[in-house]
Amino acid sequence: MYGIQLIWHGHACFEIRASFNVLIDPFFRGNPKAKLVPEDLEPDIILVTHGHYDHLGDTIEIAQKTGCRVITVHELANYLKSQNVMAEGMNIGGKMKVNDMLVVMTDANHSSSVSHGELRLYAGRAAGFILQVNGCSIYHAGDTGLFTDMRLIGDVYRPDVALLPIGGRYTMDPEDAARAVAFIRPNIAIPMHYNTFDVISQDPLDFVHKVRDLCGTEVLIMNIGDVLDL
Ligand code: NI
Ligand code: MN
């Protein structure tokens, strides 16, 4: 056991509790499935995979209230700085040591922009993250289609846990996410980014069955608010 907790807050939002709290893609307001409001969260660090509203979410509000650090891709970090957020930029393939945690920004096959009033601003590349803390390796894929370099991510970072979108349409569906599991070979695969809205409705058991057929990796279906001890 690594002495860390992984909590799913719905959609692509996960919290990691170690000696400090990390919040990834905090999307509460406007998320019909959210069980919390931004005021409930007290992260030390927020990580944002890309600028779309269902990932950037309530980052600005939470960061302004708590004064936490926000780490994201360079262009989005610059935007957040202009909104009085303590943001720090990095880019694909880059690594950062944050407290005791190693943060690696990975590729994601997706787009990114940020809404500013009526404008849509360029927000750099969409990304995923490898997070290594207390010896535990977690891969948050962000929004992405399937890509073969997931095999490289598996080889190099040997994730204990892979958090993978299965909603389809904007990301991988259960079938492609199962192929991703076969590439990454984590100990546990956890589906995310499905059933938040009608357009991404999926049966997570479909993912379970497809993974079983392909590689036999353990799949854990989390309910929103569930805590996984790692
Ligand atoms: Ni997106
Ligand atoms: Mn999304």
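Note down all Cβ pairs under 6 Å where the first residue falls in the stretch 158-173 and is at positive phi and in a loop (DSSP other than H, G, I, E, B), the second is more than 10 Å from ligand 2 (Cβ to nearest atom) and open to solvent by 10 Å² or more (accessible area, probe 1.4 Å), and they're at least six residues apart or on different chains.
Arg169/Val199
Could you check the stretch 41-79 and list, in sequence order, the residues that are more than 16 Å from ligand 2 (Cβ to nearest atom) and open to solvent by 40 Å² or more (accessible area, probe 1.4 Å)?
Glu42, Asp44, Ile60, Glu61, Gln64, Lys65, Thr66, Gly67, Arg69, His74, Glu75, Asn78
If the requirement is being of a type in the set (Phe, Trp, Tyr) and more than 14 Å from ligand 2 (Cβ to nearest atom), which of these qualifies: Phe197, Phe207?
Every option except Phe207 fails the conditions.
So Phe197 fits all but one of (1) within 16 Å of ligand 1 (Cβ to nearest atom); (2) touching a Cys at 6+ places or on another chain (Cβ under 7 Å); what number is the exception?
(2)
If you go through the stretch 15-23 one residue at a time, do you hit one that is within 15 Å of ligand 1 (Cβ to nearest atom) and open to solvent by less than 10 Å² (accessible area, probe 1.4 Å)?
no
Which pairs turn up if I take residues in the stretch 52-72 that are farther than 18 Å from His140 by Cβ and away from ligand 1 (no atom under 16 Å from the Cβ) and look for partners that are among the acidic types (Asp, Glu) and modelled with pLDDT of 95 or more with beta carbon separation below 8 Å, at least 6 apart in sequence or on another chain?
Lys65/Glu39; Thr66/Glu42
Against the condition out of contact with any strand residue (DSSP E or B) (no Cβ under 9 Å at 6 or more places or on another chain), over 23 Å from Leu230 (Cα atoms) and surrounded by fewer than 18 Cβ atoms within 10 Å (Cβ to Cβ), how does Pro38 come out, does it pass?
Here the answer is no, as Pro38 does not meet what is asked.
Within 16 Å of ligand 1 (Cβ to nearest atom), of a type in the set (Asp, Glu) and under 15 Å from the mean Cα position of the chain (by Cα): which single residue out of Asp173, Asp143 fits that description?
The conditions single out Asp143.
The values are calculated or read from the model by the stated rules, or taken from the named source; none is laboratory data. Please read all numbers here as calculations on a predicted model, not as lab measurements. Because the Cβ atoms are built from the backbone with ideal geometry, glycine has one as well, and the counts that use them run over all protein chains shown. What goes into the accessible areas is simple: the full protein's heavy atoms, side chains included, and nothing from ligands, DNA or RNA. Shrake-Rupley method; radii C 1.70, N 1.55, O 1.52, S 1.80 Å.
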